[in-house]
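The next block holds one structure in the form of structure tokens; read it before the comments.
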Amino acid sequence: MIHHPSISAWRTARATPGFSGQRIGFVPTMGALHAGHRALLERARAENDRVVLSIFVNPTQFNDPADLAKYPRTLEADLALVGPFVTDVITPAAESLYADGYRYRVTEATLSRELEGAHRSGHFDGVLTVVLKLLNLVQADRAYFGEKDWQQLELIRGMAHALFLPCEIVPCATVRADDGLALSSRNARLSPTGRARAAKFPETLRSAPDAARAAAELAAAGFGVDYVEDREGVRLGAVRIEGVRLIDNVRL
Ligand code: PAF
């Protein structure tokens, strides 16, 4: 595994013969990696010659500065967890990735304003902008994204189509703990009690007869409910517990 700590180091490496004619899989992340990320990387490893992992805590997608400050940064542990599946790791600096001061950005005008977007103003502008920058830098054949972030995946797929990006966007099934809670870097911020209670979230999304009942049951169980909505055969929800915001979705 080669660590490219800057954009210039990565671009120099990317232009070498070692990359030509190779199928390249790409997994963008913000670090604090867990078994869900490992599943993306394992799949990328199985389907490509090289696997590029990016670790970049993207400031433009955080609408709450406290959330950005609290985001875990665990580079050593991350690399130890995923080393076997990765050929290249890029960890760009924010000043280089946003040398334009975020004057240029990607905006989607409809879906990005709903669901998560209605609660996190500007979030998807930040996500789409950083993903486009990273896709341009990596020039991958395939990029892998988890279905847990259903709306993010839809928007990235839409952007790739709308802007004719030469990269296949590959959706990957959500990885869950034994009690059904979707793996997320945020789960680590829950107390043991909160973590045990959090399993009620996916269970309720799955078992309630409709979205309104799911929201009511979650509120009665002590969750702060941002939304529960059914769309395109998927029930999507966002809740807060112990100050930690969790999102999930299940197929109906
Ligand atoms: O899903 C994430 O971890 C982030 O939104 C992503 C896609 C890496 C962009 O920063």
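Here is a yes/no grid of residues against (1) among the β-branched types (Val, Ile, Thr); (2) open to solvent by less than 30 Å² (accessible area, probe 1.4 Å); (3) out of contact with any Leu (no Cβ under 9 Å at 6 or more places or on another chain); (4) not in a strand (DSSP E or B):
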| position | (1), (2), (3), (4) |
| --- | --- |
| ALA215 | no, yes, yes, yes |
| VAL225 | yes, no, no, no |
| VAL228 | yes, yes, no, no |
| LEU236 | no, yes, no, no |
| ARG240 | no, no, no, no |
| ASP248 | no, yes, no, no |
Mind listing just one residue for me: the one in the stretch 1-37 that is open to solvent by 70 Å² or more (accessible area, probe 1.4 Å) and assigned to a helix (DSSP H, G or I) and, of those, farthest from LEU75 (Cα to Cα)? PRO17
Would you confirm whether or not the stretch 55-73 contains a residue that is over 23 Å from GLN152 (Cα atoms) and away from the ligand (no atom under 13 Å from the Cβ)? no
Assess whether ALA39 counts as being within 16 Å of the ligand (Cβ to nearest atom) and modelled with pLDDT under 95. no
Taking the stretch 42-54 and the residues there that are farther than 22 Å from GLY122 by Cβ and of a type in the set (Gly, Ala, Ser), the one that is nearest to the ligand (Cβ to nearest atom) would be ALA44
Across the stretch 38-95, what is the number of residues that are part of a loop (DSSP other than H, G, I, E, B) and open to solvent by 20 Å² or more (accessible area, probe 1.4 Å)? 12
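Hand me the list of helices (runs of 4 or more DSSP H) wholly inside the stretch 105-200 holding 1 or more residues that are under 17 Å from the mean Cα position of the chain (by Cα) and buried (at least 16 other Cβ atoms within 10 Å of the Cβ).
Correct list: 116-119, 123-138, 150-162.
To keep it simple, each residue is scored yes or no on (1) farther than 24 Å from PHE19 by Cβ; (2) at pLDDT 95 or above.
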| residue | (1), (2) |
| --- | --- |
| THR74 | yes, no |
| ALA80 | yes, no |
| PRO84 | no, no |
| ASP88 | no, yes |
| ALA99 | no, yes |
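The values are calculated or read from the model by the stated rules, or taken from the named source; none is laboratory data. Please read all numbers here as calculations on a predicted model, not as lab measurements. Note that each Cβ is placed from the backbone with ideal geometry, even for glycine, and that neighbours are counted across all protein chains shown. SASA here: full protein model, heavy atoms, side chains in, ligands and nucleic acids out. Shrake-Rupley method; radii C 1.70, N 1.55, O 1.52, S 1.80 Å.
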